[in-house]
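Trainee: Below you'll find the structure I mean.
What follows draws every value from the coordinates through simple rules; no lab data is involved. Small disclaimer: the values here were computed from a predicted structure and weren't measured. Glycine gets a Cβ as well: all are built from the backbone with ideal geometry, and neighbour counts include every protein chain shown.
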Amino acid sequence: MNTGACDELREACELVHQHDGWVHVDGAFGLWAAASSATRHLVAGLELADSWACDGHKWLNLPYDSAFAFCRRPDVHAATMSYAAAYLVGSGGAPVGADLTAESSRRARAFAVWAGLRELGRDGVAALVDRCCALARRFAEGLTAAGFEVANEVVLNQVLVGFGGDARTDQVVAAVQADGTCWAGGTTWRGRRLMRLSVSNATTTVADVDRSVAAITRLAA
């Protein structure tokens, strides 16, 4: 998920199914593009996949380790993940929640997920996706105007920025992290070291982005 780019899912699914394969979509972050009419085309063909996975603790800002798994064959899902033991009530019967995950002892994270989705609603999730993508574009525009290289096409909420050579870029990333105005990580993409900006916080504002661009510009000077 370095760049936010999405594969041609429809073509990939059709090709794999021609060879009797199983298509799994790891949509940890990008699957939420489907929530917005502006970005839904990026995941066109998703419905043809046999299983999906995505996270809630990233873009939706839900509690950490909240995630979702969707499977076209729930019987296969349960057969893969469940296990039987004589002391487990209902073991071996009709699949229940414990038969769908490798974690038998886990907190009730589903309640917090339900509450978050209930609060946001369909329109709220779409607005969150749209706003984060717009702020990522603003990041890219501001850093480009400051004379830095945006190395990727900004299609979702990810921005990759270069500051010259690899060593120089890592120095700028370290300086930004130490400064504290914003936080950005370093990454390697196509053999280059780049700063990776990911806009996902629900409370991020235009002012936050502008202040961050100013700080990065100051620290890179």
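Trainee: How far is it, in nm, from the label point at residue 83 to the one at residue 114 when both lie 7 Å from their Cα along the line to the Cβ?
Mentor: With each label placed 7 Å out from Cα toward Cβ, I get 2.8 nm.
Trainee: Let me ask something else. Suppose each label sits 7 Å from its Cα in the direction of the beta carbon; what would the residue 12-residue 68 distance come out to in nanometres?
Mentor: 1.8 nm
Trainee: Filter the trypsin sites (Lys or Arg not before Pro) in the stretch 150-220 to those in DSSP coil with at most 15 other Cβ atoms within 10 Å of their Cβ, and list the result. Provide the component values of the computation, followed by the final result.
Mentor: Working: sites: 168, 190, 192, 193, 196, 211, 218; in loops: 190.
Those satisfying the criteria are 190.
Trainee: Consider just the alpha-carbon atoms of the chain and return their Rg together with their Dmax, both in angstrom.
Mentor: 20.6, 67
Trainee: If you don't mind, there's one more thing I want to ask. Find how much the distance from residue 183 to residue 205 grows on full extension, using 0.36 nm per residue of separation minus their present alpha carbon separation; answer in nm with one decimal. Provide the component values of the computation, followed by the final result.
Mentor: Details: separation 22, 0.36 × 22 = 7.92 nm, distance 1.47 nm.
This chain segment gains 6.5 nm when fully extended.
Trainee: A follow-up question, please. Can you compute log10 of I(q)/I(0) for the stretch 126-220 with the Debye formula, treating each Cα as one identical point scatterer, at q = 0.20, 0.25 Å⁻¹?
Mentor: -0.92, -1.42
Trainee: Something else: If you place +1 on the Cβ of every Lys and Arg, -1 on the Cβ of every Asp and Glu, and leave all else neutral, what size is the dipole of the chain about its Cα centre, to the nearest 20 Debye?
Mentor: 560 debye
Trainee: Further question: Return the loop-located chymotrypsin sites (Phe, Trp or Tyr not before Pro) in the stretch 17-123 (DSSP other than H, G, I, E, B) with at most 16 other Cβ atoms within 10 Å of their own Cβ; answer none if there are none.
Mentor: For chymotrypsin sites (Phe, Trp or Tyr not before Pro) across the stretch 17-123 that sit outside H, G, I, E and B with at most 16 neighbouring Cβ atoms in 10 Å, the list reads 22, 64, 83, 87.
Trainee: How many angstrom separate the Cα center of the stretch 3-41 from the Cα center of the stretch 173-221?
Mentor: Centre-to-centre (Cα) distance: 28 Å.
Trainee: So which residue, out of 44, 67, 94, gets the largest mean-square fluctuation from a GNM of the chain using Cα contacts under 10 Å as springs?
Mentor: Of 44, 67, 94, the most mobile in the Gaussian network model is 94.
Trainee: Then there is this: Consider just the alpha-carbon atoms of the stretch 9-115 and return their Rg together with their Dmax, both in angstrom.
Mentor: Gyration radius and largest Cα-Cα distance of the stretch 9-115: 16.2, 51 Å.
Trainee: Under a crude label model (7 Å from the Cα following the beta-carbon direction), how far is residue 61 from residue 221 in nanometres?
Mentor: The answer from the label model is 3.2 nm.
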